[in-house]
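Participant: Here it is, the structure in full.
The values are calculated or read from the model by the stated rules, or taken from the named source; none is laboratory data. These numbers come from a predicted model, not from an experiment. All Cβ positions, glycine included, derive from the backbone under ideal geometry; neighbour counts span all protein chains shown.
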Amino acid sequence: EKAEKNAKNPKIDDLYMNTEDGSGEAMTTNQGLRVNDDQNSLTAGDRGPTLMEDFHFREKMTHFDHERIPERIVHARGAGAHGYFESYGDLSEFTKAGFLGEKGKRTPVFARFSTVAGFKGSTDLARDVRGFAVKFYTEEGNYDLVGNNMPVFFIQDAMKFPDLVHAVKPEQHNEIPQAASAHDTFWDFISLMPESMHMIMWAMSDRAIPRSLSMMEGFGVHTYRFVNDKGESFFVKFHWKPVAGTHSVTWDEAQKISGQDPDFHRRDLWNAIENGNFPEWEFGVQIVEEKDEHKFEFDLLDPTKLIPEELVPVKLIGKMVLDRNPTNFFAETEQIAFHPGHLVPGIDFTNDPLLQGRLFSYTDTQLSRLGGPNFNEIPINRPIAPVHNNQRGGISRHTINTGQSSYHPNNIGGGCPFQAKMAEGGFVSHHEKIEGHKIRKRSSSFMDHFSQATLFFESQSKVEQEHIISAIRFELGKVKSEDIRERMVGMLTYVNEDLAKGVAEGLGINPITKPTPPLNHSYPADADPKDYQPKEV
Ligand code: HEM
């Protein structure tokens, strides 16, 4: 049955080229030499020292000594699975992306879910954002949708990402705490970063402690573009809707599960697939016409904002089914390299300043995480679409490029064997008109930091609001600095008075000091702070 299923998945066929099963075979060295004893090193006499010439011992130990690679700088803890994406129907009015083409079209995928802040060995049930990354192995090349389980992000500009991550990771002097938040540096940063308030509402809500990986939503977060074959572009937000519904555990349950089974989510995903209960998500899009770019009260390029579904409904356009566990965690889940810049024709970026910075970061980090420039050749990263170009060499190059030349144009041997055939479906960046001065200044359309935070808090049920209040109380209760606790509670007054009061009561803060504007510390030194006021103030 498995063979039949795999036969339908061209990426699994592709991976089989690299699988190895030596059961029943003679053990050999890496050179193919048969080994006669794998348990005793070669010594001088039966009680003497080990000999330098014991190449089998040296090879076995050397490989072992190097079998770890750096964990991801963020999203280190993850679990993944293979599956397929099936399109519901023709979307060519909006995008020429082939995998969103005719009804029933299937594309192989690998999805990896992760926590963000914890180490590779940390608990699955930490209060944290979850990564939701999907690699589509399309006929037009790999398309990666590198999303999260929350629709917005902490910061508006990639420039602040190292600061955010330094603040949330364990403190540098003592590597404490290993939990996602609950410490001085994180709350110090957040209390000085009004733009993070919307995301903080999500991160302190039940969304941050999902019951199962198959019971969480996924979001592309940024506004992307669809481009159709006439070159017309539409703004688009991406959504994954779990068929099993969105469910969470309570904080008390999360803590108990963390103690008893830190692999709870990973195990659940694995067992569900082994038992044939394949997790499923529907894929949805919110599409906005270019002419409507400025019709919202927020900026479509601001990743701390979502488009309320009441304003633009989510149109469901396909389904993802995860139906096969990885064969080898390291080879697949650990070595997979996602990148928001892996696009196919029909999908393009916007100028969201967070997205723009991400486009640099992923390849850059993978160069060190995966050891040099050839990690695209690692089987899990290899597209099923053919790869032809003039790249050559580099550490661990596997491809044996043939012929004399590796440059273009050339006329040796009858000219370059492959050409950049733009006219025949090559990727063309959307012809967006760009004008402006080179400046470090965020548009004033990014300055409303509170209204969607308020919208989120007030859209929650009473019980859910209580959970948010007790989560912030719990987290801030661990913060040693009174100053940070008070500043944070003060900031919450801009979101909702009852929220601030509820947290303050639990922490014995009375009275609450509402911070005086400007709250935003990110305005340039030569700017007028008036231009940087949150709208509500
Ligand atoms: C992983 C950078 C924002 C989702 C990573 C990694 C880096 C990174 C360096 C590790 C990649 C690797 O080692 O393979 C950044 C930067 C950001 C940013 C610089 C902002 C400027 C975001 C946002 C999202 C996101 C907004 C969600 C929309 C993810 C996911 C992973 C990841 C899901 C894990 C991918 C996997 O499973 O391998 N990010 N990130 N990141 N990031 Fe981001």
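Participant: I'd like to verify a number: residues in region 47-84 that are farther than 30 Å from V165 by Cβ and under 27 Å from the mean Cα position of the chain (by Cα), how many? Even if it seems obvious, please write down each step before you answer.
Facilitator: We begin by selecting, within region 47-84, every residue farther than 30 Å from V165 by Cβ; these are 47-64, 84.
Going one step further and asking which of them are under 27 Å from the mean Cα position of the chain (by Cα), we end up with 84.
Final tally of qualifying residues: 1.
Participant: Test F132 against the criterion of being near the ligand (Cβ under 9 Å from one of its atoms), crowded, with 23+ Cβ neighbours inside 10 Å and modelled with pLDDT of 95 or more, and give yes or no. Working first, answer last.
Facilitator: Working: near the ligand (Cβ under 9 Å from one of its atoms): yes; crowded, with 23+ Cβ neighbours inside 10 Å: yes; modelled with pLDDT of 95 or more: yes.
Answer is yes for this residue.
Participant: What's the total number of residues in region 485-537 that are assigned to a loop (DSSP other than H, G, I, E, B) and either modelled with pLDDT of 85 or more or among the aromatic types (F, W, Y) (or both)? Let's see the steps before the verdict.
Facilitator: If we filter region 485-537 for residues that are assigned to a loop (DSSP other than H, G, I, E, B), which is where we start, we get 493-496, 508-528, 533-537.
Now restrict to residues that are either modelled with pLDDT of 85 or more or among the aromatic types (F, W, Y) (or both): 493-496, 508-515, 523.
Summing the residues that are assigned to a loop (DSSP other than H, G, I, E, B) and either modelled with pLDDT of 85 or more or among the aromatic types (F, W, Y) (or both) in region 485-537 gives 13.
Participant: Another question about this same structure. Return the residue satisfying two criteria in turn: it lies in region 102-116 and is assigned to a loop (DSSP other than H, G, I, E, B) and either crowded, with 23+ Cβ neighbours inside 10 Å or out of contact with any helix residue (DSSP H, G or I) (no Cβ under 7 Å at 6 or more places or on another chain) (or both), and of such residues it is modelled with the lowest pLDDT.
Facilitator: E102
Participant: A follow-up question, please. Every residue in region 283-330 that is among the hydrophobic types (A, V, I, L, M, F, W, C) and away from the ligand (no atom under 16 Å from the Cβ), please.
Facilitator: Let us first name the residues in region 283-330 that are among the hydrophobic types (A, V, I, L, M, F, W, C), namely 283, 285, 287-288, 296, 298, 300-301, 306-307, 311-312, 314, 316-317, 320-322, 329-330.
Within region 283-330, I287, V288, F296, F298, L311, V312, V314, L316, I317, V321 qualify.
Participant: Now a separate question. Restricting attention to region 367-400, which residues are assigned to a loop (DSSP other than H, G, I, E, B) and touching a Leu at 6+ places or on another chain (Cβ under 9 Å)? Give the steps one after another, and end with the answer.
Facilitator: Step one: filter region 367-400 for residues assigned to a loop (DSSP other than H, G, I, E, B), giving 370-374, 378, 382-400.
Result: P373, I378, R382.
Participant: Right, another one. Exactly one of these conditions fails for I273: (1) closer than 30 Å to K11 by Cα; (2) part of a strand (DSSP E or B); (3) not charged (D, E, K, R). Give me its number.
Facilitator: Of everything listed in (1) closer than 30 Å to K11 by Cα; (2) part of a strand (DSSP E or B); (3) not charged (D, E, K, R), I273 misses just condition (2).
Participant: Give region 341-358 a look and list any residue that's more than 9 Å from the ligand (Cβ to nearest atom), farther than 17 Å from H75 by Cβ and not acidic (D, E), or say none.
Facilitator: L343, V344, P345, G346, I347, F349, T350, N351
Participant: Only residues in region 161-181 that are away from the ligand (no atom under 16 Å from the Cβ) count as the first member; pair them with residues that are of a type in the set (F, W, Y), Cβ under 8 angstrom, at least 6 apart or cross-chain, and list the lot.
Facilitator: Final answer for the pair search is Q178/F119; S181/W187.
Participant: Somewhere in region 240-259, is a residue within 30 Å of G426 (Cβ to Cβ) and in contact with an Asp or Glu (Cβ under 8 Å, 6 or more places away or on another chain)? Working first, answer last.
Facilitator: Within region 240-259, the subset within 30 Å of G426 (Cβ to Cβ) is 240.
Narrowing the set further to residues that are in contact with an Asp or Glu (Cβ under 8 Å, 6 or more places away or on another chain) leaves 240.
Scanning region 240-259 turns up at least one residue that is within 30 Å of G426 (Cβ to Cβ) and in contact with an Asp or Glu (Cβ under 8 Å, 6 or more places away or on another chain).
So that you can scan it fast, the table gives a plain yes or no per residue for (1) loosely packed, with under 13 Cβ neighbours inside 10 Å; (2) under 30 Å from K315 (Cβ atoms); (3) of a type in the set (F, W, Y):
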site	(1), (2), (3)
D37	yes, no, no
F64	yes, no, yes
K96	no, yes, no
L100	no, yes, no
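Participant: Right, something else. Could you check region 212-247 and list, in sequence order, the residues that are closer than 21 Å to G131 by Cα and either more than 20 Å from the chain's Cα centre (by Cα) or without any contact (Cβ under 8 Å) to a residue 24 or more places away in the chain (or both)?
Facilitator: So the first thing to find is which residues in region 212-247 are closer than 21 Å to G131 by Cα, and the list is 212-224, 236-247.
Passing the criteria: V243, A244, G245, H247.
Participant: With the requirement that a residue be surrounded by 22 or more Cβ atoms within 10 Å (Cβ to Cβ) and assigned to a loop (DSSP other than H, G, I, E, B), what does region 76-93 give you?
Facilitator: R77, L91
Participant: Would you check which residues across region 81-101 are modelled with pLDDT under 95 and touching a strand residue (DSSP E or B) at 6+ places or on another chain (Cβ under 7 Å) and list them?
Facilitator: The answer is L91, G101.
Participant: Taking the condition within 21 Å of V227 (Cβ to Cβ) and touching a residue at least 40 places away in the same chain (Cβ under 8 Å), does E290 pass?
Facilitator: Numbers: within 21 Å of V227 (Cβ to Cβ): yes; touching a residue at least 40 places away in the same chain (Cβ under 8 Å): yes.
Yes.
Participant: Taking only region 179-222 into account, find how many residues are touching a Lys or Arg at 6+ places or on another chain (Cβ under 6 Å) and among the polar types (S, T, N, Q).
Facilitator: 1
Participant: Answer with yes or no whether A126 is surrounded by 20 or more Cβ atoms within 10 Å (Cβ to Cβ), farther than 17 Å from W202 by Cβ and either of a type outside the set (S, T, N, Q) or within 10 Å of the ligand (Cβ to nearest atom) (or both).
Facilitator: Values: surrounded by 20 or more Cβ atoms within 10 Å (Cβ to Cβ): yes; farther than 17 Å from W202 by Cβ: no; either of a type outside the set (S, T, N, Q) or within 10 Å of the ligand (Cβ to nearest atom) (or both): yes.
Criteria not met by A126.
Participant: From the list V165, V221, exactly one residue is modelled with pLDDT of 95 or more, buried (at least 22 other Cβ atoms within 10 Å of the Cβ), of a type in the set (A, V, I, L, M) and over 24 Å from E466 (Cα atoms). Which is it? Steps first, answer last, please.
Facilitator: Values: V165 fails: buried (at least 22 other Cβ atoms within 10 Å of the Cβ).
That would be V221, the only listed residue that is modelled with pLDDT of 95 or more, buried (at least 22 other Cβ atoms within 10 Å of the Cβ), of a type in the set (A, V, I, L, M) and over 24 Å from E466 (Cα atoms).
Participant: Do any residues in region 353-367 that are surrounded by 15 or more Cβ atoms within 10 Å (Cβ to Cβ) have Cβ atoms under 8 Å from those of residues that are basic (K, R) and not in a helix (DSSP H, G or I), where the two are at least six apart or on different chains, and which pairs are they?
Facilitator: P353/R442; T365/R72
Participant: Take the residues in region 335-366 that are among the hydrophobic types (A, V, I, L, M, F, W, C) and not in a helix (DSSP H, G or I), then tell me which one is nearest to I434 (Cα to Cα).
Facilitator: First, pick out the residues of region 335-366 that are among the hydrophobic types (A, V, I, L, M, F, W, C): 336-338, 343-344, 347, 349, 354-355, 359-360.
Next, from what is left, pick out any that are not in a helix (DSSP H, G or I): 336-338, 343-344, 347, 349.
Working: I336: 34, A337: 31, F338: 28, L343: 21, V344: 22, I347: 18, F349: 13 Å.
Restricting to residues being among the hydrophobic types (A, V, I, L, M, F, W, C) and not in a helix (DSSP H, G or I), the top hit is F349.
Participant: Go through (1) free of Cβ contacts under 8 Å to residues at least 40 places away in the same chain; (2) within 30 Å of S368 (Cβ to Cβ) and name the single condition F296 misses.
Facilitator: All conditions are met except number (2).
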